[in-house]
Amino acid sequence: MRAVLCGYYGMGNGGDEALLATLLQMLPAHVKPIVLSGNPTETYERYHVETCPRKSPAIFQALRQADAFIWGGGSLMQDSTSALSPLYYGGLMGLAQQLGLKTIAWAQGVGPLQRSLTQKIARSAFEGCTAVSVRDRGSAALLADWHIPFTLAADPVWALQASPVPGLWDIPAPRVAVALRSHPQLTPQRLEILTRALIDFQKATQTSLLLIPFQPIQDLAIAQAIQPRLPGVSHILTLPDPQQLKGVFKGVEMAIAMRFHGLIMAAASECRCFGISYDPKVSQLMQDMEFPGWELAQMPTDAVQIGREWIELYANGDAVSGDRIHALIDRALIHQELLSQTLS
């Protein structure tokens, strides 16, 4: 069986690459994937799978030769970053359905959808799917309102297999990971406050700080702005392999993260987690997991206060329990069961 995998792949975003790696990990052995990628050569070299440029006429030939089409996880159907996303993903899903392929919306985070047109496109696409799984209660509630059957399970990246990171253990312990991302609400003033808080935190804890740009094209400049001002040991770790990206968190004591999958990877590795939310999906995760943190727009303006909150978590906070992590991994594997049942 041949299945076209469609997502935000090959675009340099660690979270979306983690979803692809997990999907490939969970795909039944008899299914041959064809991955639509923004960087087909890199995707082929990393995963050793057939690829197709994600915006090429060759997609139509790939679909005609396929038996199934899979939206491969994440916030594909949303119009907060671009109204074009639902048009692109919805258009491909609609075409696959017209061609008679089995169609799966897998591990989706649906919304926000602020325009009536994008809502109609999304609803039509989901209604035509052979099977649907979602990763959060907000998405589940929206599909329930639309009377679309779905399976709700934990984000699949909870179950992603981690790989060791060469050289990580040569960096002096204890280590703390920091994963900030570019966002309009992360103004220069707020970045300055966070930088001063990191300086205070490192002075107090004597930790090595690992700055991790999940999407280097957006995040690397932030890490590069922070690092020269840090008083202690620090490293910028740019890791294109999502399994190594998850593996980093197995070597750190605590994580301060804006990135949704940064928090999941850290929690799955039994790190203490502090969240800074720029998006409802991050806020929902922080609430569900009881992570301390703030909405970015409401973060304190006092760097000393922020540093103290981080020091308190580092000194006295608790990681997610091993039992809860195992339960979340089991729930994430429900996405694998859906693939096995639908693609049998």
Seminar exercise, completed: Amide H neighbours of residue 27 at under 5 Å, excluding residues fewer than 5 places away on the same chain, with H built from the backbone geometry, are none
Seminar exercise, completed: Over all viewing directions the Cα convex hull of segment 168-325 casts an average projected area in nm² of 8.4 nm²
For this session: Would you be so kind as to identify which of 6, 255, 56 lies farthest towards the positive end of the dipole of the chain, taking Lys and Arg as +1 and Asp and Glu as -1 on Cβ and the Cα centre as origin?
Result: 56
For this session: Provide the per-residue ³J(HN,Hα) series for segment 74-90, in order, calculated from phi with Karplus coefficients 6.51, -1.76, 1.60 and θ = phi - 60°, each as a whole number of Hz, with x at glycine and proline positions.
Result: x, 8, 7, 8, 8, 10, 7, 8, 6, 6, 6, 4, x, 5, 5, 5, x
For this session: Just grab the label-to-label distance for residue 116 and residue 333, each label 7 Å out from Cα along the Cβ direction, in nm (one decimal).
Result: 4.7 nm
Exercise. Which percent of Cα pairs goes in each bin when the distances of the chain are cut into 10 angstrom slices starting at zero?
Worked result: 6, 26, 33, 23, 10, 2, 0
For this session: Give me the distance between the Cα centres of segment 19-96 and segment 302-344, rounded to whole Å.
Result: 27 Å
Exercise. Given a cut-off of 25 Å, what percent of all Cα-Cα pairs of segment 2-152 lie beyond it?
Worked result: 21 percent
Problem set entry | Dipole magnitude (debye, nearest 20) for segment 28-126, charges at Cβ of Lys, Arg, Asp, Glu | 260 debye
For this session: Pull up all non-local amide H partners of residue 236: gap of 5 or more, or a different chain, and H-to-H distance under 5 Å with H placed in the peptide plane.
Result: 211
Exercise. Tell me, in nm to one decimal, what length is gained between residue 48 and residue 124 on full extension, where the rule is 0.36 nm per residue of separation less the Cα-Cα distance?
Worked result: 24.0 nm
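Between residue 321 and residue 161, what is the FRET efficiency for a Förster distance of 22 Å, r being their Cβ-Cβ separation, to the nearest 0.05?
On the way: r = 21 Å, r/R0 = 0.95.
The formula returns an efficiency of 0.60 here.
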For this session: For segment 227-236, just list the computed ³J(HN,Hα) in residue order, Karplus coefficients 6.51, -1.76 and 1.60, θ = phi - 60°, integers in Hz, with x standing in for Gly and Pro.
Result: 4, x, 8, 6, x, x, 5, 8, 9, 9
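Bear in mind that the values in this text are calculations on the coordinates, not laboratory data. Keep in mind that this is a model prediction, so the values were computed, not measured. Here the Cβ is made from the backbone with ideal geometry for all residues, glycine too, and neighbour counts use every protein chain on show.
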